[in-house]
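All remarks here apply to the structure that follows.
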Amino acid sequence: CFSSRRRHTRYISVTGVQTCALPIFEGEVLAVDRFGNAMTNISSADLQGLPGDVADWRVLVGDHSIPLVETYGACAPQTACALVGSADRLEIAISGGDAASRLGLRGGSSVVLTVPALLSGAVGRPE
């Protein structure tokens, strides 16, 4: 069931800063594979046209903020990352580890895709 997938914009008022629109994409974990990678209901098509670079996006699961990367090779050992996997869905993984166990993920767990840098206006700027 993919009915929980939502794309919307949440408006946030920040004192001293022009009101910003923070893109939010909400989904959920559909299944966990034998390696502990969590497959979500967010597809690569859902990610098309999102602002900023892939490096600007974060996947929020529980109290964890996980970077979106393009390949497993871009994920440091024992570090959580999110990427579009071979099933063309957003996956949450830990390089050399079990993301489901370490992050407390299971079918139905909430997944939120966001760009925290938009609040500071830093999207697309080198650090």
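Observations on the structure shown:
- Members of region 34-69 found to be more than 18 Å from Thr114 (Cβ to Cβ) and in a loop (DSSP other than H, G, I, E, B), listed by number: Arg34, Phe35, Gly36, Asn37
- Qualifying position, being of a type in the set (Gly, Ala, Ser), part of a loop (DSSP other than H, G, I, E, B) and surrounded by fewer than 18 Cβ atoms within 10 Å (Cβ to Cβ), among Gly107, Gly73: Gly107
Taken together, the values in this text are just the output of simple stated rules run on the coordinates, not laboratory data. Remember, predicted model here, so these are calculated numbers, not experimental data. Glycine also receives a Cβ, built like all others from the backbone with ideal geometry; neighbour counts cover every protein chain displayed.
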